Amino acid sequence: EMRTFLLDLYGQALPLRGEAAVQAQQRYRQILSQAEWAEPPPEPKEGRGRPKSTPGRNLLRRLREREEAVLAFALVEGVPFTNNQAERDWRPAKVKQKVSGGFRTERGAQVYARLQAVISTCRKQGRDVFLTLRDLFALQPVSLLAEGRQLPRAAVGADDPSALNGEGGRGRGLINQAYASDIPQRDGYNLP
């Protein structure tokens, strides 16, 4: 019943607001209560330790503890229904690690992570990966922010507009150094 509920919820206009969100949370808890009855707690055992829970009971416990995370796709804008994209983003790094046995230096791992972040961002935004990498290696200003988005000045730390677009110096502005990924560092693409 939980599977059907979540799939039905996914089919609705999301994110849910107001009364619809409250009803979804109440229905979720109602299903968990029904599961509590169908999957009773384990019988206490004699001796030390706690009794072993069944897989269904363990799932019930996790669903109860992580209600907010399970329903996040329906209540928070921008949260996907599955984590498939995150899994796909991790895969190249894990394959590289498996094939090569890891990275020789932390700096090498950082460079690899940044390149993968740029490649992943370009693919998600439908940009040409090769042209973007070419511009980055040529130290041309490149913005990997989503269309129409801008970095806040406080995040960039520049009051001078020329610092934002790469005017002056070697043509590497802070826009070139910042990119839309989960890596918080913004110290540029100084590749060895």
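Packing here is the average count of other Cβ atoms within 10 Å per residue, and on that basis the peptides 39-49, 11-21, highest first, run 11-21, 39-49.
Taking a quarter of the surface of the convex hull around the Cα atoms of segment 1-114, what do you get in nm²?
Quarter of the Cα hull surface area: 11.8 nm².
Divide the volume of the convex hull around the Cα atoms of segment 1-63 by the residue count and you get 89 Å³ per residue.
No value in this document is a laboratory result; all are computed from the given coordinates. Quick caveat, the model's predicted, so the values are computed rather than measured. Ideal geometry is used to build each Cβ from the backbone, glycine not excepted, and the neighbour counts take in all protein chains shown.
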